[in-house]
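Taking it in order: structure first as structure tokens, then the write-up.
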Amino acid sequence: MDKRSIDTVTLDRHPSDYKDVEKAPRSSDVDETYSDKVASSTTSDTSTIPDGGIRAWSVVLGAFLTQFCTSGYICSFGVFQDYYTRVYLTAYSASAISWIGSIDTFLILAMGLIGGRLYDRGYVMSLLYGGAFLIALSLFILSLAKPNQYAVVLVCQGVGVGLGGGMMYVPSFAIISQYFNKKRATVLPFVATGVSLGATLTPIMMNDLLQKRNLSFATATRINAGFMTALLITACVSIKPRLPSPKRHARLITCFTKFAKDKAFVILTTGFTFFGLGLFFPIFFLQLAATTHGLDRDFAFNSLVILNGCSCVGRLLSAFLAHKTRVDFMAIGSAIVCGAIIFAFIGIGSAVSVVLVGVIYGFSFGILVATMAPLINMLTDSPIELGLRLGIAYAWTGVGELVGPPIMGALLSGYHWWQPTIFSGLCLLAAAACFAVVSIITRGRQAT
């Protein structure tokens, strides 16, 4: 197996990863030669990257906490979907409520295009502190929302948290490459588990505050906001760039033109869009499904914890599997499993069925999410293009995540679970088909 099929767990490839820097892949569609790019990054060759130390692991902690507070918070939206639908926003449909979570997820990923470019220009700390402030402010204002004040909840939890999270998302991943080279394959999955841990602990906290302790929405939200603010401050203090920003950058228009002509990349982004359309059905609606099917209330509240806990295991396992098999095979297999298990929603009616759906979907979902960046890496010839390719692919994923949950909420009218189940399952199977086509194209390129 060649190096490109194995070295896929890293988020990006540093120019020094190539055996001969001067012979590294070039692109005629950028405004300068690749060797110029390499020259601007010579301070970060493998001999100077620390690959450890207090400062490096401090950055890992900060990145982990950033993922906890951004994507982790968003992936716990199922607890809010359930509470808003049954208690706090009863004047609005499940579809309308799901727009809150979908806008949140869309903005986090779509902001990657802007955040990535600003990161390249050295605005790392401005992005982190600005995003942290916006998230904290939005959550505290959210606590002032009264029952059925949908607009306030949408602006604060949907737009505010989404924009703040989007400012922090890409820098928290990209900064790792400044501190780790050989250990990057181990460090990045650990950082990604911050998402799963945040998505696991937030439902536990909010269900305990709202359901067991019977606190008001305002009090519970303020407690959560204070907790998140403390973590965000710790994250910002822990992260510090090691390298100066590069002086030259690839031109956007020429890069977009090149990417549009890359059939494999276009098909991959199409697959990511289908993935975004279908992936949040269990995450947003599993707890609601458990409660509406009459299962024990305490058990129903923990259903999301089960799913996200297994997702954490899947993300960690992906680092091990990436060295044993091709990342495209991992993506195809996990997408098929995700799509197939979603169809089991039609038969949910017992605690055992909820556990099985949560465990299997969470595990395969964790692996699938962990393969996204490596899949893009597999199609990237030049390291200077990777950040922009990531931003474009994540933005299209965000488009799917923006419209997917509201569509599924509308299909759920009257709690007819089979309708959103079929929609979500078919979307994930379509994503698997796109990944399979990309795999065929990639292997064809490697054979020539």
Rounded if a/c is under 1.5, else prolate if a/b beats b/c, else oblate: with a ≥ b ≥ c from the C-alpha gyration tensor eigenvalues square-rooted, which is the range 192-275?
oblate
Would you mind ranking Met408, Met205, Met167 by Cβ crowding within 10 Å, fewest neighbours first?
Met205, Met408, Met167
Relative to the compact-globule scaling 2.2 N^0.38 Å, provide the ratio for the alpha-carbon radius of gyration of the range 288-330.
1.70
For the range 203-218, Karplus-derived ³J(HN,Hα) couplings (6.51, -1.76, 1.60; θ = phi - 60°; whole Hz; x for glycine and proline) come out as x, 4, 4, 5, 5, 5, 6, 7, 9, 7, 8, 6, 6, 5, 4, 4
With a ≥ b ≥ c from the Cα gyration tensor eigenvalues, square-rooted, and the rule rounded for a/c under 1.5, otherwise prolate when a/b > b/c and oblate otherwise, the range 344-448 is prolate
Add -39500 (n - 2.57) for each DSSP H run of 4 or more in the chain, then divide by its residues: what number comes out at 222 nm, to the nearest 500 deg cm²/dmol?
-22500 deg cm²/dmol
Averaging sequence separations of C-alpha pairs under 8 Å and six or more residues apart, then dividing by the length of the chain, give the relative contact order as a whole percent.
28
Per the Debye formula with a single identical scatterer at each Cα and no solvent contribution, what log10 I(q)/I(0) holds for the range 347-408 at q = 0.13, 0.15, 0.18, 0.24 Å⁻¹?
-0.54, -0.67, -0.81, -1.01
Candidates Asn214, Asn302, Asn224; GNM for the chain (alpha-carbon contacts under 10 Å) flags as most fluctuating Asn214
Given the convex hull over the Cα atoms of the chain, what projected area results after averaging over all orientations, in nm²?
19.3
Connecting C-alpha atoms closer than 10 Å in a GNM of the chain, tell me which of Val87, Val161, Val187 has the biggest fluctuation.
Val87
Shape verdict for the range 126-217, please, from the Cα gyration tensor: rounded (a/c under 1.5), prolate (a/b greater than b/c) or oblate.
oblate
Short version: ³J(HN,Hα) in whole Hz for each residue of the range 80-87, in order, from phi by Karplus 6.51 cos²θ - 1.76 cosθ + 1.60 (θ = phi - 60°), x for Gly and Pro, what are they?
6, 4, 5, 5, 5, 5, 8, 10
Determine ³J(HN,Hα), in whole Hz, for all residues of the range 137-142 in sequence, where each value follows from phi through the Karplus function 6.51 cos²θ - 1.76 cosθ + 1.60 and θ = phi - 60°; x replaces Gly and Pro.
4, 5, 5, 5, 5, 4
Distance in nm between label sites at Phe320 and Asp208, each 7 Å beyond Cα in the beta-carbon direction?
2.9
Choose one answer from Cys75, Cys236, Cys255: the residue with the largest mean-square fluctuation in a GNM of the chain with alpha-carbon springs under 10 Å.
Cys255
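Since every read-out is calculated from the coordinates, none of them should be taken as a lab result. Fair warning: this is a prediction, and the values are worked out from it, not measured in the lab. Here Cβ is always computed from backbone atoms with ideal geometry, including for glycine, and neighbour counts include all displayed protein chains.
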